[in-house]
Amino acid sequence: MTTTKNQKNESTRLSEESANELVVEHMGWAESIARAVARGWNLDWKLDGLDGAAMEALIFCSRRFDPQRGIPFKGYARKRIHEASTDAARKTKGWARTSSSKTAKEARAQKLAMELYGVFPELRDGALPAQSATRGEDAESRSAIRELLVGASILATKEAIAGDPQPDELMDYRRMVSVMASLEPTHQWLLYRVYWDGASLRTVASEWETDGLNVMREHKVLIAYLQKSLAHGKAVAIPKIRPGLRERAVQFNKEGSLGPFSDVLTKSEVPT
Amino acid sequence: MPKDKDPKKPESVRSTTSTGKVRKTNSITGVKGVERASSVKSVSKVSSVNEPARTSSLDFSKRDKYFSMISEEAEKLVKEGVIPKSSQEVIERAVQMAIDASLLEPSDKAKDKKSSKTDS
């Protein structure tokens, strides 16, 4: 039975010859992804080995590509090639370290940018986070950029708490943690798993046995909430849990969890 | 003979040869006319509708525009108190890096189009 299934899988993939043709046709495209990553992080795409990583990923994808699934090759391979290129960038000698040519802020930004890909994987596909389609292109891009900035701010909070923040920074981070602690436990856990543990939204969805869209949409709502409630002098209603996550919320309530940020504040682990 | 024998239990069942009389059904004497439906009195407000969301593709020709949008929005968020002033530069730069590393240059896109033609 398994053999038949395997044989069926084999037969839907390309022959070695066709896969090689695919590699030749898309070589320039894969290199352009490696060049984009190098440009973004001020690296040399050849000297730093990004070209090799992109090529390896391209070859891998050509072997795994199944044309019968109806996904175009570029749609299938782009994220993987980008991932391979950023992984290669992370392995370079001077990655996220200060040097004569790189300030501490630049090094921190590099690290944050890499983490942003975990939270917003659509960036790897060359797209901004999804926005409502009714606003107009510019407004959509602006709104997506705001979402990215708020996401990066949460990541910066995590980094700072883990490190050795300055006293003035601590007040800012405590404020962010306090706002997150005001959320429902389920929402706190969602943010914690994604921003602190580095889990993807899809991973959280599968852990919570719910549809990916539930978690993705809830994440968007939470970012909007944080954005509004962190703005000075604005009282914002705490978001309700969407029906798709209620089962999980009941479980958290049964476990008596207040949420990771509430726990941190209760234990006063964030010094004032 | 056991004492607890059920007195109601039939001794045996014989085949039935006849049934009781079946009474004739009466004909329908009339159908009440269909009454008019009342009009909708009011429609309550819809609190939210799931608007279709779409991802917008990053375009290399808008690179500078994206960068200026990032600076403008970061500035606004700092003024609103959403982003700490102390982290503004790092956060702004991180978003710039993430977007820049996802933008394919136009010459590459032109090459893409050629290759996608050969795809088909």
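Brief remarks follow.
- Every test in (1) farther than 20 Å from B:S87 by Cα; (2) surrounded by 21 or more Cβ atoms within 10 Å (Cβ to Cβ) is passed by A:I238 save one, and that test is (2).
- Index of the failed condition, A:G28 passing every other in (1) within 11 Å of chain B (Cβ to nearest Cβ); (2) modelled with pLDDT of 95 or more: (2)
- First in the stretch A:230-250 and within 14 Å of chain B (Cβ to nearest Cβ), second anywhere and among the polar types (S, T, N, Q) and not in a helix (DSSP H, G or I), Cβ under 9 Å, 6 or more apart: A:G244/A:T210
- A:G212 being loosely packed, with under 15 Cβ neighbours inside 10 Å and at positive phi: no
- Flag for A:T3 being modelled with pLDDT under 90, assigned to a helix (DSSP H, G or I) and not acidic (D, E): yes
- Counted residues, the stretch A:104-123 - those being touching a Lys or Arg at 6+ places or on another chain (Cβ under 7 Å) and of a type in the set (A, V, I, L, M): 3
- Of the residues making up the stretch A:123-171, those that are modelled with pLDDT under 75, at the interface with chain B (Cβ under 8 Å from one of its Cβ atoms) and in contact with a Ser or Thr (Cβ under 9 Å, 6 or more places away or on another chain) number 5.
- In summary, B:S86 fulfils each of the numbered conditions (1) in a loop (DSSP other than H, G, I, E, B); (2) modelled with pLDDT of 70 or more; (3) more than 32 Å from the chain's Cα centre (by Cα); (4) hydroxyl-bearing (S, T, Y) with the single exception of condition (1).
- Yes/no for A:R202 being more than 21 Å from A:P121 (Cβ to Cβ), surrounded by fewer than 20 Cβ atoms within 10 Å (Cβ to Cβ) and at pLDDT below 95: no
The values are calculated or read from the model by the stated rules, or taken from the named source; none is laboratory data. Everything numeric in this text was worked out from a predicted model, so none of it was measured. All Cβ positions, even for glycine, are placed from backbone atoms using ideal geometry, and neighbour counts span all protein chains on display.
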